[in-house]
Structures are given as structure tokens and as C-alpha cells.
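Here is the structure we will look at.
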Amino acid sequence: MRARLLASARRLFVEKGYAETSTPEIVKDAGVTRGALYHHFDDKAALFDALIRAEAESLATDIEAAALGSSGDPIQAGAEAFFAAMSHPGRARLLLVDGPAALGQARMDEIDAGNGRRTLRDGLAAARPDLPQDDLDALSLLLSAAFDRAAQAIAEGADQAPLLAGTLNLITGVTRA
């Protein structure tokens, strides 16, 4: 039931946006009652929060699998995996547009810190074990913003190749210093 609600909510949020999607539409699409929705989630915002966490967790899992399974440069593999995962239909809109608008930037930062940004920080820490924790945190925050902006541009139709190359140049500059 919870999975059906999340799947329907995702489909509608991607199609119409968070603000334009109502809970009656979600329950109708999922084929459940409003009571079922409220049994699993306090309200639309809680449902959206759960969906955003699931999207962020999936993103992090894809990045980690690529980086750990890479026979080449794990940082490049992780960057490529980030862009591949963010190209999943609707993900950029959910995580980069509607997420901050609906949940607020502080909540999105909290979610990202435990997922995508964490994978970036882990990669930076492995490449630069000499960096103090505060520097790693700051670099991962800054580089994460660059990755997110590139992913948004790609979702809006920009060519991925130069944006991937640019983000890899940023990371190389930091990790080879």
C-alpha cells in the first residue's frame, strides 16, 4: 500500500509538480482510500518527504555501486553515476526544484548530507585523507552545488559531456592538490 502511494505520488509530482498535485488525485491514482494515505503519512508534505528521501537514497546507492565497482578512477565513476542517476525521468525536478520549494532548503540539505553529498564527501576523503574534516565538509558542499547545477542544466536540455568534464576538472583540481 505504501509503495503504491509513493509510486502514484511520484508519477503525479513529476507530471504536475508538488504544488499542483492534490491528495485526492494521489489516492485515486493509487486505487486506495484517503484513510490509507493518512495511515501511512501525516499529510501530503510527509508523503513528499518520504518520496524525496527514497529518491536521494537511490541516487546515493547508484553512485556508491559505480564507484566501488569501478576498475578505473572511482571519482570519475561516481561523477558519471551521479549524472546517470539524475537523468532518471523526473528526478532532477523532484530533488532540485520541487524538493527545496516544498520542504525547504534546510530539509533538503539534511537529506543530501546523508546521501548524495555524503558519497561525494567519502570520495573526497579517500582521495585527500590529509584534509581536515571542516575542509572536507565545505568542499563537498561546494562541489555538490556544482553537480546539482549541472544536473539541472542537463535536465533542461544541456549537453551532458561538457558538464561532466567540467565537474571532473573541479574535482581533479581539488583531489590532485
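The values are calculated or read from the model by the stated rules, or taken from the named source; none is laboratory data. Quick caveat, the model's predicted, so the values are computed rather than measured. Virtual Cβ from ideal backbone geometry, glycine too; neighbours counted across all protein chains shown. SASA here: full protein model, heavy atoms, side chains in, ligands and nucleic acids out. Shrake-Rupley method; radii C 1.70, N 1.55, O 1.52, S 1.80 Å.
Looking at (1) open to solvent by 30 Å² or more (accessible area, probe 1.4 Å); (2) touching a helix residue (DSSP H, G or I) at 6+ places or on another chain (Cβ under 7 Å); (3) of a type in the set (A, V, I, L, M, F, W, C), which one does Ala165 not meet, given that it meets all the others?
Single failed check for Ala165: (2).
Of everything in the stretch 81-107, what is over 11 Å from the mean Cα position of the chain (by Cα), assigned to a helix (DSSP H, G or I) and small (Gly, Ala, Ser)? Give them in sequence order.
Correct list: Ala81, Ala84, Ala101, Ala102, Ala106.
Within the bounds of the stretch 12-33, is there any residue that is at pLDDT below 95 and surrounded by fewer than 16 Cβ atoms within 10 Å (Cβ to Cβ)?
Taking every residue of the stretch 12-33 in turn, at least one turns out to be at pLDDT below 95 and surrounded by fewer than 16 Cβ atoms within 10 Å (Cβ to Cβ).
With crowded, with 20+ Cβ neighbours inside 10 Å, farther than 30 Å from Leu164 by Cβ and hydrophobic (A, V, I, L, M, F, W, C) as the only criterion, which of Leu5, Leu94 stands out?
Values: Leu94 fails: farther than 30 Å from Leu164 by Cβ.
Criteria check complete, one pass: Leu5.
Please indicate, with yes or no, whether at least one residue in the stretch 55-63 is among the β-branched types (Val, Ile, Thr) and under 29 Å from Leu141 (Cα atoms).
Initially, the stretch 55-63 is screened for residues among the β-branched types (Val, Ile, Thr), giving 61, 63.
Keeping just the survivors that are under 29 Å from Leu141 (Cα atoms) gives 61, 63.
Checked against the condition, which is being among the β-branched types (Val, Ile, Thr) and under 29 Å from Leu141 (Cα atoms), the stretch 55-63 yields at least one hit.
Go through the residues of the stretch 40-59 one by one and say whether even a single one is under 21 Å from the mean Cα position of the chain (by Cα), open to solvent by 20 Å² or more (accessible area, probe 1.4 Å) and of a type in the set (Val, Ile, Thr).
No, every residue in the stretch 40-59 fails to be under 21 Å from the mean Cα position of the chain (by Cα), open to solvent by 20 Å² or more (accessible area, probe 1.4 Å) and of a type in the set (Val, Ile, Thr).
If I ask for residues that are of a type in the set (A, V, I, L, M, F, W, C), more than 21 Å from Gly72 (Cα to Cα) and either over 12 Å from the mean Cα position of the chain (by Cα) or open to solvent by less than 30 Å² (accessible area, probe 1.4 Å) (or both), which ones from the stretch 108-135 would you list? Steps first, please.
Applying the first criterion (of a type in the set (A, V, I, L, M, F, W, C)) to the stretch 108-135 yields 108, 111, 113, 120, 124-127, 131.
Those left that are additionally more than 21 Å from Gly72 (Cα to Cα): 108, 111, 113, 131.
The answer is Met108, Ile111, Leu131.
With respect to the numbered conditions (1) out of contact with any Phe, Trp or Tyr (no Cβ under 6 Å at 6 or more places or on another chain); (2) touching a residue at least 12 places away in the same chain (Cβ under 8 Å); (3) over 25 Å from Ile154 (Cα atoms), which one is the sole condition not fulfilled by Leu47?
(1)
Looking at Leu142, Leu164, which is the one that is aliphatic (A, V, I, L, M) and over 21 Å from Gln105 (Cα atoms)? Outline the logic, then answer.
Details: Leu142 fails: over 21 Å from Gln105 (Cα atoms).
The match here is Leu164.
For Ala113, state whether it is within 30 Å of Gly17 (Cβ to Cβ) and either in contact with a strand residue (DSSP E or B) (Cβ under 6 Å, 6 or more places away or on another chain) or not charged (D, E, K, R) (or both).
Numbers: within 30 Å of Gly17 (Cβ to Cβ): yes; either in contact with a strand residue (DSSP E or B) (Cβ under 6 Å, 6 or more places away or on another chain) or not charged (D, E, K, R) (or both): yes.
Criteria met by Ala113.
Please find, within the stretch 136-162, the residue that is farthest from Gly99 (Cα to Cα) out of those that are open to solvent by less than 60 Å² (accessible area, probe 1.4 Å) and among the polar types (S, T, N, Q).
Going through the qualifying residues, I end up with Ser140.
Please enumerate the residues belonging to the stretch 60-76 that are modelled with pLDDT of 90 or more, farther than 29 Å from Leu37 by Cβ and either over 18 Å from the mean Cα position of the chain (by Cα) or of a type in the set (Asp, Glu) (or both). Give the derivation first.
Here is the first cut: in the stretch 60-76, the ones modelled with pLDDT of 90 or more are 60-65.
Those left that are additionally farther than 29 Å from Leu37 by Cβ: 63-65.
Of everything in the stretch 60-76, just one residue is modelled with pLDDT of 90 or more, farther than 29 Å from Leu37 by Cβ and either over 18 Å from the mean Cα position of the chain (by Cα) or of a type in the set (Asp, Glu) (or both), namely Glu64.
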